[in-house]
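The values are calculated or read from the model by the stated rules, or taken from the named source; none is laboratory data. Please read all numbers here as calculations on a predicted model, not as lab measurements. Neighbour counts run over all protein chains shown; Cβ positions are idealised from the backbone, glycine included.
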Amino acid sequence: MNGVSAQALSLISRSLQIRLLQVGEPPGSLTPLANDEPVWKLPLRKTYGPTKIIGNHMLRKISSLVASASLCLTAVPAIAEVGHYSVGAEGLLIATLPPPGVYYRGYLVNYSADTLNDKHGTERSGHNKIDVHAFANQFIWITDYSLLGGNYGMNAIVPIQQQETQISNFGVKGDAEGVGDILLQPITITWHAQQWDAVSMLGVWVKTGDYDSDRSVSIGKGYTSYMFTLGGTRYLDHEKKWAVSATSRYEKNGEQEGTHLTPGDAFSVEWGISRKINPLLDVGLVGYDVWQLTNDSGTSVFHPGTKIEHHAIGGEVQYFWRDTQLLINAAVYHEYKSEDTFQGDTVRFTVTRRL
C-alpha cells in the first residue's frame with residue numbers, strides 16, 4: 001500500500017498481499033424495476049450477479065481480477081512478504097466478474113503495523129514499524145469469446161507505492177516510492193450459472209519496479225512470480241441477497257536479483273459474506289488467510305525453515321452512486337495472527353467504472 005504521495009492499493013509489504021442480477025434471458029434488453037426503482041435490471045441468460053445500470057450504462061462489481069503489488073524488505077528476507085500478491089485488495093463477491101466490456105478500477109490502500117512477530121507468532125522486541133500507502137490502477141477487458149464454456153478476458157495492474165519501514169533489531173530503516181512491479185493476467189475465464197459464479201486466471205508479476213539489493217527498502221521485489229487464481233461465488237437465496245464468495249491464489253516465485261534467494265511458494269484465500277440491503281447497498285464480513293507452503297531457498301536464507309503466515313478479518317461496504325455511475329467499496333481489516341512477519345491493519349477504498 002503505497003503510492004507516491006497517494007494512498008492506495010497493494011496491501012502491505014510484509015505480507016501484504018467486482019455482480020449482476022439475472023433473469024432467464026441473454027443480455028440485451030433492459031427492464032425497469034418495480035415501484036419506480038431508479039436502478040435497472042439486466043436480463044441475463046444465467047446469472048451475472050448484481051449489476052447496476054443507469055439508462056444505457058451498466059456498472060458492475062469487478063471481482064478479484066486484481067492483485068496488488070507490494071513492497072519488499074530486501075535486507076531482511078525472513079520477514080519479507082512471500083510473493084507479490086497483497087491480500088485484502090478484494091472482498092465482497094470477490095469471485096464474480098463482470099459481463100463483456102472494458103472496466104477501470106482504482107485502489108487506495110493504507111497498511112500500518114507496529115508489531116513484528118517471530119515464527120511462533122510472538123512479538124519481537126525493539127522498535128518495529130511499517131507504513132505502506134498505495135494507489136493501483138487496474139484495467140479489465142472481458143470479451144464475448146468463449147473458452148472452456150466461459151467468457152475469456154484479460155487484465156493488468158499498475159501500482160504506485162510509498163513505504164516507510166523501521167526494524168530496529170535488524171538495522172533496517174528507510175523509505176521508497178515509485179511504480180511497483182506490474183501484474184499481467186493474459187488468461188482470465190469467468191463462468192456464470194443460476195446460483196453461482198466462478199473465475200480462473202493465470203498471470204505473471206513483471207520486474208518493473210525499482211529494486212536494489214543494497215537498499216533496505218525497495219519498491220520492486222527483484223524477482224518474477226507466476227500466479228494461478230481460482231474462485232467461486234454461491235448465492236444462498238433466489239433473490240441473491242445473501243452470497244458467499246472466496247478466491248484462492250497460488251504463487252510460484254523466481255530467484256531474487258543480487259541475493260541468490262528464492263522465496264517459497266505462497267497460497268492465499270480471500271473471502272467475503274455479503275448481504276444486499278437495497279439495490280444500491282451491500283454490506284458484509286471479509287477476511288484473508290495466507291500460508292507460505294515451501295521454504296525459502298538459496299545461499300542467503302536468513303532464517304532457514306521459517307514460513308510466513310497471517311490471517312485477518314474485517315468488514316466492507318459497497319455502494320453504487322447512480323449520479324456518477326461509480327461502484328464504491330470501503331473496507332477495513334485487522335490481522336489477528338501472523339508468523340514471521342508484521343501484524344497490523346489495512347484500510348482500503350476502491351472505485352470501479354465501465355469505460
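Within segment 323-339, the set of residues being buried (at least 16 other Cβ atoms within 10 Å of the Cβ) and modelled with pLDDT under 90 comprises Gln325 only. Go through the residues of segment 114-127 one by one and say whether even a single one is under 25 Å from Met227 (Cβ atoms), part of a strand (DSSP E or B) and in contact with a Gly (Cβ under 9 Å, 6 or more places away or on another chain). There is no residue in segment 114-127 that is under 25 Å from Met227 (Cβ atoms), part of a strand (DSSP E or B) and in contact with a Gly (Cβ under 9 Å, 6 or more places away or on another chain).
Quick one: would you say Pro186 is more than 27 Å from Arg124 (Cα to Cα) and either modelled with pLDDT under 90 or surrounded by fewer than 18 Cβ atoms within 10 Å (Cβ to Cβ) (or both)? Against the criterion (more than 27 Å from Arg124 (Cα to Cα) and either modelled with pLDDT under 90 or surrounded by fewer than 18 Cβ atoms within 10 Å (Cβ to Cβ) (or both)), Pro186 qualifies.
Answer yes if at least one residue in segment 217-234 is crowded, with 17+ Cβ neighbours inside 10 Å and assigned to a helix (DSSP H, G or I), and no otherwise. For segment 217-234, residues crowded, with 17+ Cβ neighbours inside 10 Å and assigned to a helix (DSSP H, G or I): absent.
Of the numbered criteria (1) more than 17 Å from the chain's Cα centre (by Cα); (2) more than 30 Å from Val244 (Cβ to Cβ); (3) in a strand (DSSP E or B), the one Gln161 fails is (1). For segment 259-302, which positions are in a strand (DSSP E or B), charged (D, E, K, R) and over 12 Å from Arg249 (Cβ atoms)? Within segment 259-302, Arg275, Lys276, Asp282 qualify. Of the residues Ala156, Ala134, Ala176, the single one that is modelled with pLDDT under 90, of a type in the set (Gly, Ala, Ser) and either surrounded by 17 or more Cβ atoms within 10 Å (Cβ to Cβ) or in contact with a strand residue (DSSP E or B) (Cβ under 9 Å, 6 or more places away or on another chain) (or both) is Ala176. Here is the figure for segment 95-122: residues that are surrounded by fewer than 15 Cβ atoms within 10 Å (Cβ to Cβ), modelled with pLDDT under 95 and either of a type in the set (Gly, Ala, Ser) or under 16 Å from Leu326 (Cβ atoms) (or both) total 1. Being surrounded by fewer than 22 Cβ atoms within 10 Å (Cβ to Cβ) and charged (D, E, K, R) is the filter; apply it to segment 241-255 and report the residue that is modelled with the lowest pLDDT. Result: Glu255.
The residue that is farthest from the chain's Cα centre (by Cα), counting only those in segment 299-315 that are buried (at least 24 other Cβ atoms within 10 Å of the Cβ) and not small (Gly, Ala, Ser), is Ile308.
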